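Asks: Below are the structure tokens for one structure; questions will follow.
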Amino acid sequence: LELRPSGHADRPSSLNQLAYCLSNRHHKNGIADYLEEAITLGRAALELHPPGHSDRGVSLYNLACDLSRRFSKQAAVCDLEDAIELHRAALELRPSGHSDRPSSLHELAFCLSNR
């Protein structure tokens, strides 16, 4: 991120990729701080991927998955509600035939089943 400061064209993608890596690290070792940082970075990436941006769907999906994971650990209903909203928004960007639509449907269904 130091090489891609605020305003750099690739900063949003770098934020999203770092968030994804931290989320995976949390998944492997269970350290909550990694998930918290992933969520913070995911929110920052999403802000830089406005509606119409080609990577917005990925940012929505990744952040939603992280919020869902945090809900499963902490049971904060606001995380689940936010995850559902973000998964629905990601799904709108992944029409029938889109390669990521099945995973979006699956994750949304998982969140709704936890509601």
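Asks: Determine, for L48, L15, the number of other Cβ atoms within 10 Å of each Cβ, and report the residues in order from fewest to most. Provide the component values of the computation, followed by the final result.
Replies: Values: L48 18, L15 23.
By the 10 Å Cβ count, ascending, the order reads L48, L15.
Asks: Test of the criteria: in region 30-77, which GluC sites (Glu not before Pro) are in a DSSP loop and have at most 12 other Cβ atoms within 10 angstrom of their Cβ?
Replies: Nothing satisfies the criteria.
Asks: Shape call for region 51-115 from the C-alpha gyration tensor, a ≥ b ≥ c root eigenvalues: rounded (a/c under 1.5), prolate (a/b greater than b/c) or oblate? Show your work: numbers first, answer last.
Replies: Working: a/c = 2.49, a/b = 1.71, b/c = 1.46.
Prolate shape, in that a/c is at least 1.5 and a/b is the bigger ratio.
Asks: If you take log10 I(q)/I(0) by the Debye sum over Cα atoms at q = 0.14, 0.23 Å⁻¹ from the coordinates, which of [x] -0.68, -1.26; [y] -0.57, -1.55; [z] -0.55, -1.30 do you get?
Replies: Structure-derived value, by its label: [z].
Asks: With each pseudo-label sitting 7 Å past Cα toward Cβ, what's the A75-D100 distance in nm, one decimal?
Replies: Computed distance between label sites A75 and D100 equals 3.2 nm.
Asks: Dipole of the chain, Cα-centred, from +1 at each Lys and Arg C-beta and -1 at each Asp and Glu C-beta, to the nearest 20 debye?
Replies: Working: 13 positive and 15 negative charges, 51 e Å.
Here the chain has a charge dipole of around 240 debye.
Asks: Here is a further query. Can you tell me how much longer the chain between D33 and R115 gets when fully stretched, taken as 0.36 nm per residue apart minus their C-alpha distance, in nm with one decimal?
Replies: Values: separation 82, 0.36 × 82 = 29.52 nm, distance 2.48 nm.
So the chain would gain 27.0 nm between D33 and R115.
Asks: While we're looking at this one, here's another question. Select from A76, A89, A64 the residue whose mean-square fluctuation is largest in a Gaussian network model of the chain (Cα-Cα springs shorter than 10 Å).
Replies: Sorting by GNM fluctuation, first place goes to A76.
Asks: Mind sorting L112, L18, L46 by how few other Cβ atoms lie within 10 Å of their own Cβ, fewest first? Can you show the working numbers first?
Replies: Details: L112 13, L18 17, L46 24.
Ranking L112, L18, L46 by Cβ neighbours within 10 Å, fewest first, gives L112, L18, L46.
Asks: Shifting gears a bit: Hey, what did region 11-114 get for relative contact order, percent, Cα under 8 Å, at least 6 apart?
Replies: On the way: 113 pairs, mean separation 21.6, N = 104.
Once normalised by length, the contact order is 21 percent.
Values quoted throughout were computed directly from the atomic coordinates according to the rules given, and no laboratory measurement underlies them. Just so you know, these numbers come straight off a predicted model, no measurement behind them. When we count neighbours, we look across all protein chains shown, and the Cβ atoms used for this are built from the backbone with ideal geometry, even at glycine.
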